[in-house]
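The values are calculated or read from the model by the stated rules, or taken from the named source; none is laboratory data. Being a predicted model, the structure only gives us computed values, none of them experimental. With ideal geometry, Cβ positions are generated from the backbone for all residues, glycine too; neighbour counts draw on all protein chains shown. Ligands, DNA and RNA are excluded from the accessible area calculation, which covers all protein heavy atoms including side chains. Shrake-Rupley method; radii C 1.70, N 1.55, O 1.52, S 1.80 Å.
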Amino acid sequence: MKRLWGGLFVFLLVGLLGCKHKPPATTPCPTPTPCPTPTPCPTPTAATHPGLGEVDVLFYGLVSFVFKKDGTVRSVFLSPDGEPHTPLFTVNTGYVHELNASLPDLVATGGGDTGLAAWRFTEVTIDPSQFDDKSLAYDMGDLDLMNPGYDTKLRWVPSMDDIFGSAKDVDQAAIDKAAARGTWPVGTITPVFDREEHRTEKWTIGKRENTALADGIRLRFKLGDEALPAVFTLTRDGKKETVKVKGGGTIVFTDYPTRIPTSADDLKHFPHFYMLLKNVTTPAEPKSSGPTTPYPARCAPSLEYPPVP
């Protein structure tokens with residue numbers, strides 16, 4: 001009994017005085033360091049991304065550039081009887097501006113999230129005030145075959161005065177009847193070689209002997225405001241529409257036959273350019289001056305020079 005009372009006394013004493021054994025202190029969690037605010041990527045500009053403030057327009061196929069005395073040039077797209085060609089305005093969908101309202105005739109899907117949008121047209125014009133270019137710039141100087149400057153000399157594109165040895169009159173009625181036309185008052189025109197081999201592949205057309213042929217023509221515009229798109233006015237089915245293209249984009253005008261080409265079609269349609277000339281009865285056909293590459297030029301553009309009224 002005494003042992004029971006003694007144990008009870010100890011229990012009550014501990015309860016009154018409290019346990020002297022203290023639990024270990026809890027270490028507080030450190031205050032988390034806030035994540036740094038991410039630095040936003042700078043908005044691309046023409047200064048940081050060369051080409052963003054420019055728009056390139058490329059021309060391929062049966063299209064001739066007719067130079068005018070008023071300082072402009074006309075791109076004439078031909079579609080001769082029996083050999084139909086289709087003029088098209090094409091651009092990667094990634095460069096079609098979000099505010100563009102004109103729907104293309106078709107969109108061909110491509111890799112990634114973009115495709116190729118294509119518009120039919122019969123006329124194309126621009127408002128030159130949207131560009132920094134104040135006039136049309138080109139180098140129509142004679143070619144130096146010993147020291148070729150492929151990047152600037154426009155005469156790598158065959159010119160009629162070179163082919164015939166003298167200037168030829170242009171038939172305005174033939175231009176009016178062409179499948180499509182464009183008018184270009186400003187920009188910089190240069191030749192285009194799509195393949196390095198084409199710089200050394202030689203052709204003879206009339207009096208133009210043993211000379212390389214450019215694959216196409218480039219017309220480059222500098223945007224006046226790089227934040228705004230370049231606007232091109234197309235006439236389609238008799239109605240005017242505008243197509244808006246972002247800076248850095250490339251528009252490709254083509255005028256090719258409406259059938260799959262064969263190896264025998266190399267420059268086959270080039271003599272059709274002579275339909276724009278007056279009093280030309282003997283066409284000068286392109287002939288290879290040596291072995292050609294597996295990918296020779298076909299339907300290369302031409303020049304009608306010197307300027308006409």
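A few notes on this one:
- Applying the set (1) aliphatic (A, V, I, L, M); (2) over 14 Å from K244 (Cα atoms); (3) without any contact (Cβ under 8 Å) to a residue 40 or more places away in the chain to A117 leaves exactly one unmet item: (2).
- Only one of the numbered conditions (1) closer than 17 Å to H272 by Cα; (2) of a type outside the set (D, E); (3) surrounded by 14 or more Cβ atoms within 10 Å (Cβ to Cβ) is violated by T90, and that is (1).
- Selection of first residues in segment 153-180 that are under 21 Å from D215 (Cα atoms) and modelled with pLDDT under 95 and of second residues that are assigned to a helix (DSSP H, G or I) and of a type in the set (V, I, T), restricted to Cβ pairs under 8 Å at least 6 apart or on distinct chains, gives an empty result.
- Some residue of segment 228-246 being closer than 26 Å to K153 by Cα, under 24 Å from the mean Cα position of the chain (by Cα) and of a type in the set (F, W, Y): no
- Unmet criterion (only one of (1) under 21 Å from G53 (Cα atoms); (2) not in a loop (DSSP other than H, G, I, E, B)) for L116: (1)
- Any hit, segment 156-167, residues being open to solvent by less than 50 Å² (accessible area, probe 1.4 Å), part of a loop (DSSP other than H, G, I, E, B) and more than 20 Å from Y305 (Cβ to Cβ): no
- A137 vs. criteria over 24 Å from T211 (Cβ atoms), hydrophobic (A, V, I, L, M, F, W, C) and either open to solvent by 60 Å² or more (accessible area, probe 1.4 Å) or modelled with pLDDT of 95 or more (or both): no
- Residue list for segment 175-198, restricted to those being surrounded by fewer than 20 Cβ atoms within 10 Å (Cβ to Cβ), out of contact with any strand residue (DSSP E or B) (no Cβ under 8 Å at 6 or more places or on another chain) and not charged (D, E, K, R): F193
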